[in-house]
1. Take the range 132-182 and flag every residue that is within 16 Å of the ligand (Cβ to nearest atom), assigned to a helix (DSSP H, G or I) and either touching a residue at least 24 places away in the same chain (Cβ under 8 Å) or crowded, with 21+ Cβ neighbours inside 10 Å (or both).
2. Please find, among 124, 128, 98, the residue that is in contact with a strand residue (DSSP E or B) (Cβ under 7 Å, 6 or more places away or on another chain) and within 16 Å of the ligand (Cβ to nearest atom).
3. Restricting attention to the range 104-123, which residues are within 24 Å of residue 190 (Cβ to Cβ) and surrounded by fewer than 22 Cβ atoms within 10 Å (Cβ to Cβ)?
4. Can you pull out every residue in the range 160-190 that is closer than 13 Å to residue 229 by Cβ and out of contact with any strand residue (DSSP E or B) (no Cβ under 8 Å at 6 or more places or on another chain)?
5. For residues that are in contact (Cβ under 8 Å) with a residue 60 or more places away in the chain and surrounded by fewer than 23 Cβ atoms within 10 Å (Cβ to Cβ), scanning just the range 58-67, find the one that is farthest from the ligand (Cβ to nearest atom).
6. Restricting to the range 101-121, count the residues that are within 16 Å of the ligand (Cβ to nearest atom) and either over 17 Å from residue 173 (Cβ atoms) or assigned to a strand (DSSP E or B) (or both).
7. Considering only residues of the range 183-215 that are part of a helix (DSSP H, G or I) and within 16 Å of the ligand (Cβ to nearest atom), which is surrounded by the most Cβ atoms within 10 Å (Cβ to Cβ)?
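No lab work stands behind these numbers, since they all come straight from the coordinates. Worth saying up front: this structure is predicted, and the values here are computed from it rather than measured. Counting neighbours? That spans all protein chains shown, and the Cβs are built from the backbone with ideal geometry, glycine included.
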Ligand SMILES: [Zn+2]
């Protein structure tokens, strides 16, 4: 068994902030290092070609609504994050998550608009929110209601290990979420327990999707947005979309790369959002590469669910 430094933690306050990449994962396999180096070289090359061809500049200038997904920003990556925000602020207007959703709904998309979201509700996301605020930006924080305010070290450790595959770290409290809301940020649901929704039956789906909304609303007021764990389309099924719509969310966010360029007036039965995942620790050209690539490839049906996930006329 791999030993992490936090195995010696006695209380929640002993836990380190969340770490991603090799340092934060519980299982550390040798091939990750080789893959990481290869990925760095390939992305640097692609980013260089994109810049030289003018695609970077054209992509970032394209009018669109672009949702960014982060977890939290490590202390060592805070200055890189500021650099990224400085760069993006030159060509984009930062908008609140709900306002971005409204822009997608109305098709009011005449300039590059960016909205931020932070998944999983790690307590270290508070620092990320403070940095966003320096740039006049806000985020929607997607939390798992079952672990909000969790103070028991063994529960937190088990959740991190079994649900997220990361070393133990603290999660936000109800007080933290109140503070975020008062500061202008938003809170969304990320289910109760970070379950793989594709694997659940009807009762469990209701508990994760509707149950998390009820728990959050009882403490925080209206919850408008949902982001499903793991975020890829193969992590949900048609029944999951139905459950999300029944629960009354206005939007559901994936981590399928992409952005929105046209009105979403045809979106049944709940608005599907694309998000580009960014790790602030990545080199700036890599972050910009993904955003410009998504902008260049944006299609008019980005807000629609894949055909295999929604009933087709022949199914009715
Ligand atoms: Zn998550």
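1. Scanning the range 132-182 gives 145, 146, 147, 156, 159, 160, 161, 163, 164.
2. Numbers: 124 fails: in contact with a strand residue (DSSP E or B) (Cβ under 7 Å, 6 or more places away or on another chain); 98 fails: within 16 Å of the ligand (Cβ to nearest atom).
After ruling out the rest, the residue left standing is 128.
3. Taking the range 104-123 as the starting set, the residues that turn out to be within 24 Å of residue 190 (Cβ to Cβ) are 104-105, 113-123.
Within the range 104-123, 105, 123 qualify.
4. Answer for the range 160-190, where residues must be closer than 13 Å to residue 229 by Cβ and out of contact with any strand residue (DSSP E or B) (no Cβ under 8 Å at 6 or more places or on another chain): 162, 163, 164.
5. Filtering the range 58-67 for residues in contact (Cβ under 8 Å) with a residue 60 or more places away in the chain gives 58-60, 62-67.
Next cut, surrounded by fewer than 23 Cβ atoms within 10 Å (Cβ to Cβ) only: 58, 60, 62-63.
On the way: 58: 32, 60: 27, 62: 28, 63: 30 Å.
Looking at residues that are in contact (Cβ under 8 Å) with a residue 60 or more places away in the chain and surrounded by fewer than 23 Cβ atoms within 10 Å (Cβ to Cβ), I get 58.
6. The qualifying residues number 4.
7. As a first pass, look at the range 183-215 and keep what is part of a helix (DSSP H, G or I): 197-199, 202-215.
Narrowing the set further to residues that are within 16 Å of the ligand (Cβ to nearest atom) leaves 197-199, 208-209, 212.
Numbers: 197: 22, 198: 17, 199: 10, 208: 28, 209: 26, 212: 24.
Looking at the filtered set, the residue picked out is 208.
Conditions tested, residue by residue: (1) without any contact (Cβ under 8 Å) to a residue 12 or more places away in the chain; (2) within 16 Å of residue 298 (Cβ to Cβ); (3) within 16 Å of the ligand (Cβ to nearest atom).
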position	(1), (2), (3)
218	yes, no, no
222	yes, no, no
228	no, no, yes
235	no, no, yes
242	no, no, no
